[in-house]
1. I need the fraction of alpha carbon pairs in the chain separated by more than 29 Å, rounded to a whole percent.
2. Using the 4.7 Å Cβ rule, please list in number order the cysteines from the chain without any candidate partner.
3. Whole number in Å², please: accessible area per residue of the chain, 1.4 Å probe, ligands, DNA and RNA not counted.
4. For the pairs Lys32/Lys168; Lys88/Lys161; Lys22/Lys88; Lys63/Lys199; Lys115/Lys151, note any where the Cα-Cα span goes beyond 29 Å.
5. When the accessible area of the stretch 33-189 is split by element with a 1.4 Å probe, what percent falls to carbon and sulfur?
6. From the square roots a ≥ b ≥ c of the eigenvalues of the alpha-carbon gyration tensor of the stretch 105-227, which class results: rounded (a/c under 1.5), prolate (a/b over b/c), or oblate?
7. Long-range amide H contacts for Gly89: which residues qualify at under 5 Å (H placed 1.01 Å from N, peptide plane, sequence gap of 5 or more or a different chain)?
8. Once amide H atoms are built 1.01 Å from N in the peptide plane, which residues 5 or more positions from Leu202, or in another chain, come under 5 Å H to H?
Amino acid sequence: MDGTDTATPPVLILLGPPGAGKGTQARMLEGKFGYVQLSTGDLLRAAVAAGTDAGRAAEAVMKAGDLVSDQIVIDILRDRLSEADCAKGVILDGFPRTDVQATALDGLLQETGQKIDAAISLDVDDAAMVERVAGRYTCGSCGEGYHDTFKTPATSGVCDKCGGTEMKRRADDNAETVGDRLKAYHAQTAPLISYYDAKGALKRIDAMGPIDQIGIDLSALVQQSTN
Ligand code: AMP
(Lines give C-alpha, C1' and ligand atoms only; values in the text may rest on other atoms or scores of the structure.)
Protein backbone atom coordinates (compact mmCIF):
# COMPACT_ATOMS: atom_id res chain seq x y z
CA MET A 1 0.00 0.00 0.00
CA ASP A 2 1.32 3.48 -0.81
CA GLY A 3 -0.93 5.44 1.51
CA THR A 4 -3.14 6.74 -1.32
CA ASP A 5 -4.87 3.44 -1.92
CA THR A 6 -8.23 3.42 -0.15
CA ALA A 7 -9.72 0.21 -1.61
CA THR A 8 -8.15 -2.58 0.42
CA PRO A 9 -9.53 -6.12 0.29
CA PRO A 10 -12.58 -6.49 2.56
CA VAL A 11 -12.26 -8.29 5.89
CA LEU A 12 -15.43 -9.75 7.39
CA ILE A 13 -15.69 -11.64 10.66
CA LEU A 14 -18.50 -14.07 11.48
CA LEU A 15 -19.07 -14.48 15.23
CA GLY A 16 -21.36 -17.03 16.81
CA PRO A 17 -21.41 -20.27 18.81
CA PRO A 18 -20.92 -23.71 17.25
CA GLY A 19 -24.02 -24.48 15.18
CA ALA A 20 -24.87 -20.83 14.44
CA GLY A 21 -24.23 -21.45 10.74
CA LYS A 22 -20.92 -19.59 10.30
CA GLY A 23 -19.46 -22.18 7.92
CA THR A 24 -22.62 -22.51 5.82
CA GLN A 25 -23.02 -18.76 5.47
CA ALA A 26 -19.30 -18.15 4.87
CA ARG A 27 -19.42 -20.60 1.95
CA MET A 28 -22.49 -18.83 0.60
CA LEU A 29 -20.73 -15.44 0.82
CA GLU A 30 -17.64 -16.93 -0.85
CA GLY A 31 -19.77 -18.04 -3.81
CA LYS A 32 -21.67 -14.78 -4.02
CA PHE A 33 -18.98 -12.14 -3.48
CA GLY A 34 -15.80 -14.02 -4.36
CA TYR A 35 -14.23 -13.52 -0.93
CA VAL A 36 -12.20 -16.36 0.58
CA GLN A 37 -13.58 -18.29 3.56
CA LEU A 38 -10.88 -18.68 6.20
CA SER A 39 -11.95 -21.24 8.79
CA THR A 40 -9.35 -21.85 11.49
CA GLY A 41 -11.27 -25.05 12.36
CA ASP A 42 -10.75 -26.32 8.78
CA LEU A 43 -7.09 -25.24 8.81
CA LEU A 44 -6.55 -27.05 12.12
CA ARG A 45 -8.33 -30.21 10.90
CA ALA A 46 -6.08 -30.16 7.82
CA ALA A 47 -3.02 -29.81 10.10
CA VAL A 48 -4.24 -32.77 12.20
CA ALA A 49 -4.78 -34.87 9.06
CA ALA A 50 -1.32 -33.93 7.74
CA GLY A 51 0.30 -34.76 11.09
CA THR A 52 2.18 -31.43 11.37
CA ASP A 53 3.57 -30.27 14.74
CA ALA A 54 0.65 -27.86 15.09
CA GLY A 55 -1.81 -30.61 14.20
CA ARG A 56 -0.33 -32.99 16.79
CA ALA A 57 -0.54 -30.30 19.46
CA ALA A 58 -4.14 -29.41 18.52
CA GLU A 59 -5.74 -32.83 18.10
CA ALA A 60 -6.61 -33.76 21.70
CA VAL A 61 -7.64 -30.20 22.55
CA MET A 62 -10.09 -30.14 19.64
CA LYS A 63 -11.53 -33.54 20.56
CA ALA A 64 -12.22 -32.23 24.07
CA GLY A 65 -14.00 -29.14 22.70
CA ASP A 66 -11.46 -26.72 24.19
CA LEU A 67 -9.68 -23.91 22.40
CA VAL A 68 -6.32 -24.55 20.75
CA SER A 69 -3.52 -22.24 21.97
CA ASP A 70 -3.58 -18.70 20.63
CA GLN A 71 -0.05 -18.97 19.26
CA ILE A 72 -0.78 -22.03 17.12
CA VAL A 73 -3.97 -20.53 15.71
CA ILE A 74 -2.47 -17.09 15.07
CA ASP A 75 0.51 -18.65 13.24
CA ILE A 76 -1.78 -20.76 11.06
CA LEU A 77 -3.99 -17.80 10.24
CA ARG A 78 -1.06 -15.46 9.49
CA ASP A 79 0.38 -17.97 6.99
CA ARG A 80 -2.97 -18.46 5.27
CA LEU A 81 -3.68 -14.70 5.12
CA SER A 82 -0.41 -14.14 3.28
CA GLU A 83 -1.50 -16.37 0.38
CA ALA A 84 -2.34 -14.61 -2.89
CA ASP A 85 -6.05 -15.49 -3.06
CA CYS A 86 -6.74 -13.49 0.13
CA ALA A 87 -6.31 -10.33 -1.96
CA LYS A 88 -9.92 -10.95 -3.06
CA GLY A 89 -11.09 -10.28 0.51
CA VAL A 90 -11.67 -12.70 3.38
CA ILE A 91 -14.46 -14.00 5.59
CA LEU A 92 -13.07 -15.12 8.92
CA ASP A 93 -15.07 -18.09 10.20
CA GLY A 94 -14.14 -19.14 13.74
CA PHE A 95 -11.38 -16.55 14.22
CA PRO A 96 -10.78 -14.59 16.39
CA ARG A 97 -12.04 -16.59 19.38
CA THR A 98 -10.14 -14.85 22.20
CA ASP A 99 -9.11 -11.27 23.00
CA VAL A 100 -5.47 -12.22 22.32
CA GLN A 101 -6.44 -13.38 18.82
CA ALA A 102 -8.51 -10.21 18.22
CA THR A 103 -5.54 -8.03 19.14
CA ALA A 104 -3.23 -10.11 16.94
CA LEU A 105 -5.65 -9.72 14.03
CA ASP A 106 -5.66 -5.93 14.48
CA GLY A 107 -1.84 -6.02 14.30
CA LEU A 108 -1.79 -8.20 11.16
CA LEU A 109 -4.28 -5.94 9.39
CA GLN A 110 -2.35 -2.85 10.38
CA GLU A 111 0.71 -4.30 8.63
CA THR A 112 -1.23 -4.63 5.37
CA GLY A 113 -3.22 -1.39 5.71
CA GLN A 114 -6.51 -3.29 5.95
CA LYS A 115 -9.45 -2.76 8.26
CA ILE A 116 -12.33 -4.85 9.54
CA ASP A 117 -15.35 -3.99 7.41
CA ALA A 118 -17.77 -5.78 9.72
CA ALA A 119 -17.84 -8.26 12.60
CA ILE A 120 -21.21 -9.94 12.22
CA SER A 121 -22.73 -11.78 15.16
CA LEU A 122 -25.05 -14.63 14.15
CA ASP A 123 -27.51 -14.50 17.05
CA VAL A 124 -29.02 -17.85 18.04
CA ASP A 125 -30.61 -19.61 21.02
CA ASP A 126 -28.04 -21.80 22.75
CA ALA A 127 -30.64 -24.46 23.49
CA ALA A 128 -31.05 -25.24 19.78
CA MET A 129 -27.33 -25.56 19.08
CA VAL A 130 -26.75 -29.04 20.51
CA GLU A 131 -29.33 -30.60 18.17
CA ARG A 132 -28.03 -28.58 15.22
CA VAL A 133 -24.42 -29.60 15.74
CA ALA A 134 -24.90 -33.21 16.82
CA GLY A 135 -26.91 -34.02 13.64
CA ARG A 136 -24.72 -32.41 11.03
CA TYR A 137 -22.49 -34.02 8.42
CA THR A 138 -20.87 -33.04 5.13
CA CYS A 139 -20.14 -34.51 1.73
CA GLY A 140 -16.57 -35.78 1.75
CA SER A 141 -16.08 -34.73 -1.90
CA CYS A 142 -17.46 -31.17 -2.13
CA GLY A 143 -18.05 -30.15 1.50
CA GLU A 144 -21.80 -29.52 1.11
CA GLY A 145 -23.42 -29.54 4.57
CA TYR A 146 -26.35 -31.75 5.60
CA HIS A 147 -28.29 -32.51 8.78
CA ASP A 148 -30.09 -35.64 10.02
CA THR A 149 -33.30 -33.66 10.65
CA PHE A 150 -33.08 -30.24 9.02
CA LYS A 151 -31.42 -30.90 5.66
CA THR A 152 -31.31 -34.42 4.26
CA PRO A 153 -30.15 -35.14 0.69
CA ALA A 154 -32.89 -36.10 -1.84
CA THR A 155 -31.43 -39.63 -1.98
CA SER A 156 -30.11 -40.85 1.33
CA GLY A 157 -26.31 -41.00 1.34
CA VAL A 158 -25.90 -39.24 -2.03
CA CYS A 159 -24.80 -35.60 -2.22
CA ASP A 160 -27.38 -33.39 -4.02
CA LYS A 161 -24.64 -31.13 -5.27
CA CYS A 162 -21.91 -33.43 -6.63
CA GLY A 163 -23.30 -36.99 -6.41
CA GLY A 164 -20.60 -37.97 -3.90
CA THR A 165 -21.44 -40.92 -1.67
CA GLU A 166 -18.90 -40.50 1.12
CA MET A 167 -20.43 -38.48 3.96
CA LYS A 168 -18.28 -37.32 6.89
CA ARG A 169 -19.03 -36.40 10.51
CA ARG A 170 -16.60 -34.38 12.58
CA ALA A 171 -15.14 -36.12 15.62
CA ASP A 172 -16.16 -33.18 17.83
CA ASP A 173 -19.75 -32.90 16.57
CA ASN A 174 -21.36 -34.92 19.36
CA ALA A 175 -23.72 -33.83 22.14
CA GLU A 176 -21.09 -34.15 24.88
CA THR A 177 -18.38 -32.09 23.18
CA VAL A 178 -20.83 -29.44 21.95
CA GLY A 179 -21.60 -28.54 25.59
CA ASP A 180 -17.90 -27.84 26.20
CA ARG A 181 -17.59 -25.89 22.95
CA LEU A 182 -20.57 -23.72 23.93
CA LYS A 183 -18.95 -23.07 27.32
CA ALA A 184 -15.68 -22.07 25.62
CA TYR A 185 -17.66 -19.77 23.32
CA HIS A 186 -19.40 -17.94 26.16
CA ALA A 187 -16.31 -17.67 28.34
CA GLN A 188 -13.79 -16.61 25.72
CA THR A 189 -15.41 -15.58 22.44
CA ALA A 190 -18.71 -13.86 23.29
CA PRO A 191 -16.84 -10.93 24.96
CA LEU A 192 -15.54 -10.06 21.48
CA ILE A 193 -19.04 -8.84 20.60
CA SER A 194 -18.43 -5.86 22.90
CA TYR A 195 -14.87 -5.48 21.58
CA TYR A 196 -16.13 -4.98 18.00
CA ASP A 197 -19.10 -2.92 19.16
CA ALA A 198 -16.69 -0.49 20.80
CA LYS A 199 -14.79 -0.22 17.49
CA GLY A 200 -18.04 0.53 15.62
CA ALA A 201 -17.64 -2.64 13.51
CA LEU A 202 -20.35 -4.83 15.06
CA LYS A 203 -23.43 -5.92 13.11
CA ARG A 204 -25.99 -8.46 14.36
CA ILE A 205 -28.26 -10.81 12.54
CA ASP A 206 -31.05 -13.16 13.66
CA ALA A 207 -29.70 -16.59 12.70
CA MET A 208 -32.55 -18.77 13.98
CA GLY A 209 -34.70 -18.71 10.81
CA PRO A 210 -34.44 -20.59 7.51
CA ILE A 211 -30.89 -20.80 6.07
CA ASP A 212 -31.89 -19.05 2.81
CA GLN A 213 -33.45 -16.09 4.61
CA ILE A 214 -30.38 -15.69 6.82
CA GLY A 215 -28.28 -15.74 3.65
CA ILE A 216 -30.38 -12.94 2.11
CA ASP A 217 -30.14 -10.79 5.27
CA LEU A 218 -26.43 -11.43 5.61
CA SER A 219 -25.69 -10.63 1.96
CA ALA A 220 -27.47 -7.29 2.34
CA LEU A 221 -25.39 -6.51 5.45
CA VAL A 222 -22.16 -7.43 3.67
CA GLN A 223 -23.09 -5.31 0.67
CA GLN A 224 -23.73 -2.31 2.94
CA SER A 225 -20.58 -2.85 4.99
CA THR A 226 -18.20 -3.14 2.03
CA ASN A 227 -19.50 -0.19 -0.02
P1 AMP B 1 -14.76 -24.99 14.33
O2 AMP B 1 -14.59 -25.78 13.06
O3 AMP B 1 -14.66 -23.50 14.09
O4 AMP B 1 -16.00 -25.37 15.08
O5 AMP B 1 -13.51 -25.36 15.27
C6 AMP B 1 -13.32 -26.67 15.72
C7 AMP B 1 -12.32 -26.67 16.88
O8 AMP B 1 -11.07 -26.16 16.40
C9 AMP B 1 -12.69 -25.78 18.05
O10 AMP B 1 -13.57 -26.43 18.97
C11 AMP B 1 -11.31 -25.51 18.65
O12 AMP B 1 -10.84 -26.64 19.37
C13 AMP B 1 -10.44 -25.36 17.40
N14 AMP B 1 -10.39 -23.97 16.92
C15 AMP B 1 -10.86 -23.49 15.74
N16 AMP B 1 -10.64 -22.18 15.62
C17 AMP B 1 -10.02 -21.80 16.76
C18 AMP B 1 -9.53 -20.55 17.27
N19 AMP B 1 -9.67 -19.41 16.57
N20 AMP B 1 -8.93 -20.55 18.48
C21 AMP B 1 -8.78 -21.68 19.20
N22 AMP B 1 -9.23 -22.88 18.80
C23 AMP B 1 -9.85 -22.95 17.59
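The values are calculated or read from the model by the stated rules, or taken from the named source; none is laboratory data. These figures come from a predicted structure and were not determined experimentally. Here the Cβ is made from the backbone with ideal geometry for all residues, glycine too, and neighbour counts use every protein chain on show. Remember, those area values only see protein heavy atoms, side chains included, never the ligands or the DNA or RNA. Shrake-Rupley method; radii C 1.70, N 1.55, O 1.52, S 1.80 Å.
1. Numbers: 6335 of 25651 pairs.
Looking at the chain, the distances longer than 29 Å represent 25 percent of pairs.
2. Here Cys86 come out as lacking a disulfide-compatible partner, given the Cβ-Cβ threshold of under 4.7 Å.
3. On the way: 11360 Å² over 227 residues.
Per-residue value: 50 Å².
4. On the way: Lys32/Lys168 25 Å; Lys88/Lys161 25 Å; Lys22/Lys88 19 Å; Lys63/Lys199 34 Å; Lys115/Lys151 36 Å.
Over 29 Å apart, Cα to Cα: Lys63/Lys199; Lys115/Lys151.
5. Numbers: 3950 of 7770 Å².
The computed percentage sits at 51.
6. Values: a/c = 1.98, a/b = 1.59, b/c = 1.25.
Prolate.
7. Val36
8. Amide H to amide H, under 5 Å and 5 or more residues apart or across chains, Leu202 pairs with Ala119, Asp197.
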